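A.B. asks: Once you've had a glance at the structure underneath, I'll fire off some questions.
The values are calculated or read from the model by the stated rules, or taken from the named source; none is laboratory data. Remember, it's a predicted structure, so these values are computed and weren't measured experimentally. Please note: Cβ atoms are built from the backbone with ideal geometry, for glycine as well, and neighbour counts cover all protein chains shown. Just so you know, the surface numbers come from the protein's heavy atoms only, side chains and all, with ligands and any DNA or RNA stripped out. Shrake-Rupley method; radii C 1.70, N 1.55, O 1.52, S 1.80 Å.
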Amino acid sequence: MRVPSSRTANTHWLFVAVLLVCAAGCGRNTGTVSIGGAVSYDGQPVASGTIIFMPVEGTQGPSTGSAIEAGRYQVPAQKGPLAGGRYKVEITALQKTGKTVPNMFDPNGQPLEAVEQFVPECYNARSKLMVTVTAGANKADFSLRSSGE
């Protein structure tokens, strides 16, 4: 009977440890959770826009977000923010101005309807909106005002 050397035994245990770590991580949730809610502007649902959650204050992970449709948004857990993280929230929405602009895609084509960002910068480019995400499904509603308050 051959007795394994110390080096062989150490390699064996290292291999077992790596397998256990891999097995423990397989099939586990990445720690991301769902978040959804309502977005209104001066009391009316935002018809169409975007919402972005940007990690702050040491929160790990990339930004995530969703479209806003008929005043509602939903980020599924598969691409959601990390539980326990703190996020800056940026909300943007466009509205028609009633004016037209030249068609930059087809110079000979019909003019395009002009749109403009109507949500104040304090809710997007200079947003102070914050949310802390918890384990499980999260709900965060946002009532925006034209006054920026």
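A.B. asks: Write down the accessible area per residue of segment 39-105 in Å², having rolled a 1.4 Å probe over the full set of protein chains.
C.D. replies: 59
A.B. asks: Separate question: Compute the signed sum of charges (Lys and Arg +1, Asp and Glu -1) over the other residues within less than 14 Å, Cβ to Cβ, of A67.
C.D. replies: With Lys, Arg at +1 and Asp, Glu at -1, the net is 0.
A.B. asks: Rank-order 87-96, 140-149 by packing density, defined as the average count of other C-beta atoms within 10 Å over each peptide's residues, highest first.
C.D. replies: Going from most to least packed, we get 87-96, 140-149.
A.B. asks: Taking 30 Å as R0, compute the FRET efficiency from the Cβ-Cβ separation of A137 and Q117 and round it to 0.05.
C.D. replies: Computed FRET efficiency for A137 and Q117 comes out at 0.50.
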